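The values are calculated or read from the model by the stated rules, or taken from the named source; none is laboratory data. Keep in mind it's a predicted model, so treat the numbers as computed, not measured. Every residue, glycine among them, receives a Cβ derived from its backbone with ideal geometry; neighbour counts consider all protein chains shown. We work out accessible area using only protein heavy atoms, side chains counted, and drop any ligands, DNA or RNA first. Shrake-Rupley method; radii C 1.70, N 1.55, O 1.52, S 1.80 Å.
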Amino acid sequence: MRRLQRGFTVVEMLVAIAVAGLLVSLVYGAIRVGQRSVSALDSRVQQSELMRIGWQFIHSAIAHAGPAVDPARPQNRTGFEGTPDRLVFVANMPSYVGIEGPARITLGRAAKTGADQLLLTRERLDEESTATGAAQIEQAVLVERLDELRIEYFGQLERGVLPSWQSLWSNPRRLPNLIRIHIRPAGAPAWPLLTAAPKNGTAPLDEDALPAEADVSDLPEEAAE
């Protein structure tokens with residue numbers, strides 16, 4: 001007796017299609033999650049690398065900071081400005097950082113729609129730039145979305161007053177002994193606390209002489225080590 005072959009019913013076909021669609025959705029979702037994870041990891045790596053480079057450059061620049069008379073403000077013989085969220089100084093950068101020569105370094109907030117940025121600016125002060133009057137200015141955004149920037153200065157603002165931490169540096173004849181910078185990006189861990197000592201931070205400037213070598217006798221323990 002010949003046996004009849006039975007095919008799939010419409011219901012069975014619909015169930016099979018539904019199951020296949022569910023499996024495709026699960027696989028696609030897993031791929032999307034994996035892509036987002038890789039993208040997030042890559043973003044964190046880039047942020048970490050930018051933080052490391054920026055931290056090292058700022059620390060090195062402050063360590064090479066020295067006095068420089070600003071023609072626009074001759075009463076300020078240091079070329080230094082220090083506020084809670086903006087730092088300006090002149091540093092003679094060594095050749096190993098790739099930008100040899102004197103430069104004015106500015107670190108501060110830059111207003112942007114939606115969130116502030118942390119902006120680093122370098123203006124060359126070499127003889128060629130001065131002679132031509134064409135300043136060579138380079139800028140780099142260190143933090144796209146900045147949550148906190150707090151800069152503090154340790155030193156003696158007035159004669160006879162013990163050195164202490166200040167939120168505003170207003171001594172036109174002396175660099176601070178130490179500079180401490182707190183940086184916290186929005187939605188990300190804070191940068192390691194940056195503490196650096198300017199090259200000539202302890203010696204007041206005479207009218208006709210360059211500052212002497214730095215004396216660390218009045219620095220706090222964290223700077224003397």
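Working carefully through the options Ala103, Ala110, find the one that is surrounded by 18 or more Cβ atoms within 10 Å (Cβ to Cβ), at pLDDT 85 or above, closer than 24 Å to His59 by Cα and small (Gly, Ala, Ser).
Exactly one of Ala103, Ala110 is surrounded by 18 or more Cβ atoms within 10 Å (Cβ to Cβ), at pLDDT 85 or above, closer than 24 Å to His59 by Cα and small (Gly, Ala, Ser), namely Ala103.
One residue alone among Arg52, Arg32, Arg36, Arg3 is of a type outside the set (S, T, N, Q) and modelled with pLDDT of 70 or more, and that residue is Arg52. Residues of the stretch 138-151 that are touching a His at 6+ places or on another chain (Cβ under 8 Å) and open to solvent by less than 40 Å² (accessible area, probe 1.4 Å): Leu149, Ile151. Consider the stretch 189-218 and keep the residues that are open to solvent by 20 Å² or more (accessible area, probe 1.4 Å) and at pLDDT 85 or above. The one that is farthest from Arg145 (Cα to Cα) is Ala197.
Would you be able to say whether some residue in the stretch 169-187 is more than 22 Å from Asp85 (Cβ to Cβ), touching a strand residue (DSSP E or B) at 6+ places or on another chain (Cβ under 8 Å) and either open to solvent by less than 70 Å² (accessible area, probe 1.4 Å) or modelled with pLDDT of 60 or more (or both)? No: the stretch 169-187 contains no residue that is more than 22 Å from Asp85 (Cβ to Cβ), touching a strand residue (DSSP E or B) at 6+ places or on another chain (Cβ under 8 Å) and either open to solvent by less than 70 Å² (accessible area, probe 1.4 Å) or modelled with pLDDT of 60 or more (or both).
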